[in-house]
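The values are calculated or read from the model by the stated rules, or taken from the named source; none is laboratory data. Note that the coordinates shown come from a computational prediction; the quantities given were computed from them, not determined experimentally. Here the Cβ positions follow ideal geometry from the backbone for every residue, glycine too, while neighbour counts run over all protein chains shown. When the accessible area is computed, the model is the full protein with side chains, heavy atoms only, and any ligands, DNA or RNA have been set aside. Shrake-Rupley method; radii C 1.70, N 1.55, O 1.52, S 1.80 Å.
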Number of protein chains: 2
Amino acid sequence: MFQVNDNYQKLPGSYLFSTIAKKVNAYSDANPDKKLIRLGIGDVTQPIAPAILDALHKAVDEMGRPETFHGYAPDLGYEFLRSAIAENDYKARGCDISADEIFVSDGAKSDSGNIQEIFSVDNRIAVCDPVYPVYVDSNVMAGRTGTYDPATERWSNVIYMPCTKENGFVPEFPKETPDIIYLCLPNNPTGTTITRAQLQEWVDYANKVGAVIIYDGAYEAYISEDDVAHSIYECEGARTCAIEIKSFSKNAGFTGVRLGYTVVPKDLKCGEVSLHAMWARRHGTKFNGAPYIVQRAGEAVYSEAGKAQLKEQVAYYMRNASVIKTGLQEAGYEVFGGVNAPYIWLKTPGQMTSWEFFDYLLENANVVGTPGSGFGPSGEGYFRLTAFGAYENTLEALERIKAL
Amino acid sequence: MFQVNDNYQKLPGSYLFSTIAKKVNAYSDANPDKKLIRLGIGDVTQPIAPAILDALHKAVDEMGRPETFHGYAPDLGYEFLRSAIAENDYKARGCDISADEIFVSDGAKSDSGNIQEIFSVDNRIAVCDPVYPVYVDSNVMAGRTGTYDPATERWSNVIYMPCTKENGFVPEFPKETPDIIYLCLPNNPTGTTITRAQLQEWVDYANKVGAVIIYDGAYEAYISEDDVAHSIYECEGARTCAIEIKSFSKNAGFTGVRLGYTVVPKDLKCGEVSLHAMWARRHGTKFNGAPYIVQRAGEAVYSEAGKAQLKEQVAYYMRNASVIKTGLQEAGYEVFGGVNAPYIWLKTPGQMTSWEFFDYLLENANVVGTPGSGFGPSGEGYFRLTAFGAYENTLEALERIKAL
């Protein structure tokens with residue numbers, strides 16, 4: 001008789017955003033006249049930029065002619081895209097990353113979830129708390145996290161690095177030594193980040209203790225301050241300890257287009273074993289490439305026109321971030337993030353829990369946000385709003401919140 | 001100090017098609033004047049059909065307008081596509097599968113590789129031999145296959161079901177009881193299949209011994225005989241023992257477009273645990289949906305125009321299959337498959353091994369095929385040619401082979 005992977009049964013409840021969707025749908029069904037404004041999930045709302053649409057149409061046309069039709073893509077991505085990434089995201093910033101260290105994928109979420117596969121099940125992970133749920137959940141499914149204690153909302157074999165207003169949302173080196181350290185900077189969900197000098201300390205720490213940093217740079221495009229690193233490879237020594245995961249979802253609006261990439265430097269080794277070779281093997285065995293038309297769209301992100309149009313798109317969302325941040329401050333909230341990231345992290349008023357504030361905002365302002373506790377126990381008492389809405393809706397949401 | 005997943009180190013050599021690509025590139029570099037004809041990898045060559053191109057362009061346009069822009073897709077796929085699949089691939093054939101039992105993905109290879117994750121690492125798999133390498137390799141990576149014996153080319157904990165001309169390429173119930181049974185019908189690589197009545201026996205067997213059948217139906221569109229099942233759910237009892245994986249790659253030429261789906265019936269359970277819920281959880285955690293534009297392309301596959309155009313495309317490839325089959329027979333080869341599948345499986349002449357015949361054909365006819373031994377030990381002495389080439393090239397390849 002077949003048996004299932006019992007680790008799945010350890011997962012408490014369902015995926016955070018599914019839970020929110022169900023709650024919102026229930027409210028919406030019961031109150032069909034209310035106009036909800038969704039500033040919850042980090043999904044973009046601006047249409048795909050013209051330069052990218054052109055590339056998509058052109059690639060579709062190519063697929064319709066025998067002489068330009070493209071079948072199976074190279075496992076690791078088309079050279080035209082990998083070169084554009086290497087040139088623009090790395091060489092232009094002085095980072096020593098070559099095209100053949102870049103693995104193109106269908107998105108950063110897939111890569112974030114799958115990357116743990118190439119590590120031993122005995123390895124111990126460290127995560128910031130609060131944290132993007134995928135890092136922990138994918139390790140639960142693999143059996144790496146021990147047992148869950150509902151009282152503390154913590155896994156026995158996960159090292160938590162609290163990021164709260166008390167430490168300025170800067171994770172501290174943990175007391176116990178981790179094998180794998182997840183860092184998402186600028187951070188989802190808090191919208192905060194750390195300086196290049198602070199990141200360098202993490203790279204030094206990882207090299208010292210023999211840990212790998214899984215560096216999620218999905219929000220890199222939103223960095224506005226000079227002393228914040230756009231890539232972990234700006235830090236000396238990162239080639240021997242860091243894997244970087246990047247997304248096209250937030251800088252180019254590809255949440256529904258699906259494209260991302262992961263960098264595994266060839267210097268990253270466990271003894272003689274190359275992690276680059278392992279990830280290549282995984283890609284070759286369990287993945288069959290991102291769509292040709294989508295990879296052409298990715299290439300257009302790096303064209304002159306694409307860059308200019310996306311700069312405007314990022315500015316659009318960051319104007320929203322400013323509206324939210326200023327509006328909340330005017331309303332008397334304590335607010336974090338929103339400077340180098342499209343997320344605003346607020347302290348819930350009084351003794352309200354995160355879910356209480358979720359219900360309060362949903363019912364009284366018809367605004368959907370994300371409860372901080374959904375991202376981990378140290379997120380309790382916080383709440384996330386995203387800058388990815390339409391400008392007009394964001395203005396209205398803040399007017400409603402200020403009127404409460 | 002972090003450690004890697006040691007199971008990866010057990011994998012012998014590299015992925016079959018990467019090895020072939022390297023060999024072919026080396027030959028090509030050394031002989032730039034030779035015109036190679038590639039009938040090796042199962043990659044399509046016909047352009048995307050007009051009805052599907054129209055859907056792609058239309059969906060791209062939608063992505064460019066705020067009011068029709070699509071961000072994150074529903075985890076499990078858009079309702080419009082899941083309904084079209086349920087209606088056309090299941091209800092129209094009398095199969096009791098509903099839209100919410102269908103999980104849309106980026107392709108059958110990803111699903112084939114990932115599906116093992118929801119099963120216990122202690123489960124024992126059974127595979128046909130020869131077999132599509134992904135089934136075994138993904139289980140090796142998970143630590144489910146024991147140790148590899150290079151002498152027999154077999155894994156100690158895998159149950160092999162030889163499919164050779166001696167048993168008419170029909171797998172027999174294994175002596176040891178498996179937990180998970182991989183069946184790909186019509187078969188890759190042999191191009192053969194079994195009857196609906198024979199498949200019913202497998203469903204009955206799986207239900208009796210408590211095994212799950214992972215049914216890969218990627219080549220379903222090529223079935224020409226009436227007594228062959230288009231879906232395992234045509235068999236009674238399949239809802240309690242079978243997962244079906246389907247691809248748009250071969251019926252619609254989507255190898256570079258990337259779309260597939262997996263059916264997990266809600267009746268498939270291990271005790272109280274629903275495999276449907278587990279696969280939903282995996283999708284929600286480690287995947288973020290197939291691109292909107294690609295899902296619209298998938299919908300167009302089921303339009304009247306799409307169906308008509310794809311019927312012609314399948315007929316085009318099956319004419320190639322006939323050319324290959326007839327040509328090889330005229331040249332004195334013993335030939336199998338090619339009736340319900342786009343693959344032709346031939347017995348290598350004399351005492352030639354599969355790789356010797358690969359080199360022989362590459363060097364003397366400049367035709368690239370796939371060595372049968374690459375698909376498993378019982379594939380030794382066989383060789384695969386695919387019908388996915390251009391018609392003119394296929395004709396020329398066979399002229400060259402006949403002239404040897």
Based on Cβ point charges of +1 for Lys and Arg and -1 for Asp and Glu, what charge dipole magnitude is obtained for the protein assembly as shown about its Cα centre, in debye rounded to the nearest 20?
180 debye
Listed by chain and number, the aspartates and glutamates with an alpha carbon less than 16 angstrom from that of A:Lys266, same-chain partners under 8 positions apart left out, are A:Asp96, A:Asp100, A:Glu101, A:Glu236, A:Glu244
Averaged across A:52-60, how many Cβ atoms of other chains sit within 10 Å of each residue's Cβ atom?
4
A:Ala151 label points, 7 Å along Cα→Cβ, one per copy: pairwise distances from this copy to the rest in nm, shortest first?
5.7
Expected integer from the mean partner chain Cβ neighbour count at 10 Å over A:274-283 is 3
With just the Cα atoms of chain A, tell me how far they stretch along each of the three principal axes, in Å, largest first.
58, 55, 50
Determine how large the accessible area of B:Phe80 is when every protein chain is in place; take a 1.4 Å probe and give Å² rounded to the nearest 10.
40 Å²
Calculate the length of the line joining the C-alpha centroid of the stretch A:193-253 to that of the stretch B:224-292, in whole Å.
38 Å
With the Cα gyration tensor of the stretch A:275-404 giving a ≥ b ≥ c as the square roots of its eigenvalues, does the rule (a/c under 1.5 for rounded; else a/b larger than b/c for prolate; else oblate) give rounded, prolate or oblate?
oblate
Chain A: which residue's Cβ hugs the A-to-B rotation axis most tightly, distance rounded to whole Å?
A:Asp106, 3
Charge dipole (the protein assembly as shown, unit charges on Cβ, about Cα centre) - positive-most of B:Ala300, A:Val257, B:Val121:
B:Ala300
In nm, what does the list of distances from B:Gly94 to its counterparts in the other copies look like, shortest first, when each label sits 7 Å along Cα to Cβ?
7.2
B:Gly237: net charge of surrounding residues, Cβ under 10 Å, Lys/Arg +1, Asp/Glu -1, itself excluded?
-1
per DSSP, antiparallel bridges as share of beta bridges in the protein assembly as shown, % nearest 5, sits at 55 percent
Accessible-area composition of the protein assembly as shown, carbon plus sulfur, in percent [1.4 Å probe]
50 percent
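With charges only on Cβ, +1 for K and R and -1 for D and E, what is the dipole size of the stretch B:78-237 about its Cα centre, in debye, rounded to 20?
In debye, rounded to 20, the stretch B:78-237 gives about 320.
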Given the options A:Leu56, A:Pro32, A:Gly42, identify the residue whose Cα lies farthest towards the positive end of the charge dipole of the stretch A:3-60 (+1 on Cβ of Lys, Arg; -1 on Cβ of Asp, Glu).
A:Pro32
Aspartates and glutamates with Cα under 12 Å of B:Lys246, excluding same-chain neighbours fewer than 8 positions away
B:Asp89, B:Asp106, B:Asp111, B:Asp216, B:Glu220
Would you list, by chain and number, the aspartates and glutamates whose Cα falls below 12 Å from the Cα of A:Lys10, excluding same-chain residues fewer than 8 positions away?
A:Asp137, A:Asp149
So for chain A, averaging the separation of alpha carbon pairs under 8 Å that are six or more residues apart and normalising by length, what relative contact order in percent results?
23 percent
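Would you kindly calculate the mean projected area, averaged across all directions, of the convex hull enclosing the Cα atoms of the protein assembly as shown, in square nanometres?
Working: hull surface 131.2 nm².
Its average projected convex-hull area is 32.8 nm².
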Roughly how far apart, in whole Å, are the Cα centres of the stretch B:297-340 and the stretch B:116-158?
31 Å
Assigned charges on the beta-carbon of Lys, Arg, Asp, Glu; the stretch B:1-52 dipole about Cα centre (debye)
140 debye
Shielding of B:16-26 by partners, i.e. mean partner chain Cβ atoms within 10 Å per residue?
1
Listed by chain and number, the residues whose amide H is under 5 Å from that of A:Val212, excluding neighbours fewer than 5 places away on the same chain and using placed H, are A:Ile180, A:Ile181, B:Phe2
Report for the stretch B:115-182 the percent antiparallel among DSSP-assigned beta bridges with both residues inside it, nearest 5.
20 percent
In a solvent-free Debye calculation with one equal scatterer on each Cα, what is log10 I(q)/I(0) for the stretch B:196-271 at q = 0.20, 0.21, 0.23, 0.26 Å⁻¹, listed in the order of the q values?
-0.86, -0.92, -1.03, -1.17
In this structure, among A:Lys91/B:Lys109; A:Lys250/A:Lys325; A:Lys22/A:Lys307; A:Lys22/A:Lys250, pairs with alpha-carbon gaps over 27 Å are A:Lys91/B:Lys109; A:Lys22/A:Lys307
Can you list the distances in nanometres, one decimal and ascending, from the A:Tyr391 label point to the identical position in each other copy, with the point 7 Å along Cα to Cβ?
5.6
